[in-house]
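Just below is one structure, and these are the notes that go with it.
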Amino acid sequence: MTIAVFRSRTQLFSFVQSLRARGIQPNIVSTPQEAGVGCGLSAEFPDRAFSLAQILARANDGFVGFYKYYGDKRKRLVKLL
């Protein structure tokens, strides 16, 4: 799963709605502390939707970045470019 972080909840919900309109069912999750930014909530979505998510997120002014957990969610979080 990949996590998309946004500066505001309005921008987050716009992104989530865009994914849902295209058949992707994201989860709304707490923004990981490692991200250090954002509105407190983020969108978590399947890795298979990453290309679509990139297009949608980069069109959103409030997009901060993509993050991905590797291994257990209690372990390291790595920012994607």
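The values are calculated or read from the model by the stated rules, or taken from the named source; none is laboratory data. Please read these numbers as outputs of a predicted model, since none were measured by experiment. With ideal geometry, Cβ positions are generated from the backbone for all residues, glycine too; neighbour counts draw on all protein chains shown.
For the stretch 26-40, what are the residues that are over 11 Å from Phe6 (Cα atoms), in contact with a strand residue (DSSP E or B) (Cβ under 8 Å, 6 or more places away or on another chain) and not acidic (Asp, Glu)? Reasoning before the result, please.
In the first step, residues of the stretch 26-40 are kept if they are over 11 Å from Phe6 (Cα atoms); the result is 26-30, 32-34, 36.
Narrowing the set further to residues that are in contact with a strand residue (DSSP E or B) (Cβ under 8 Å, 6 or more places away or on another chain) leaves 26-30, 32, 34.
Residues satisfying the conditions are Pro26, Asn27, Ile28, Val29, Ser30, Pro32.
Please pick out the residue among Ser30, Ser18 that is modelled with pLDDT under 95 and not hydrophobic (A, V, I, L, M, F, W, C). It would help to see each step written out before you state the result.
Working: Ser18 fails: modelled with pLDDT under 95.
Going through Ser30, Ser18 in turn, just one is modelled with pLDDT under 95 and not hydrophobic (A, V, I, L, M, F, W, C): Ser30.
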### Among the candidates Ser18, Ser14, residue that is among the hydroxyl-bearing types (Ser, Thr, Tyr), in contact (Cβ under 8 Å) with a residue 40 or more places away in the chain, surrounded by 15 or more Cβ atoms within 10 Å (Cβ to Cβ) and under 15 Å from Arg58 (Cα atoms)
Ser14
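Look at the stretch 61-81 and say how many of its residues are modelled with pLDDT of 85 or more and assigned to a strand (DSSP E or B).
The number of residues fulfilling the criteria is 5.
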## Note on the structure
Matching residues in the stretch 28-39 (touching a residue at least 24 places away in the same chain (Cβ under 8 Å) and either surrounded by fewer than 19 Cβ atoms within 10 Å (Cβ to Cβ) or at positive phi (or both)) number 7
#### Entry: Subset of the stretch 1-11 [in contact with a Cys (Cβ under 7 Å, 6 or more places away or on another chain) and either under 15 Å from Lys79 (Cα atoms) or touching a residue at least 40 places away in the same chain (Cβ under 8 Å) (or both)]
Phe6, Arg7, Ser8
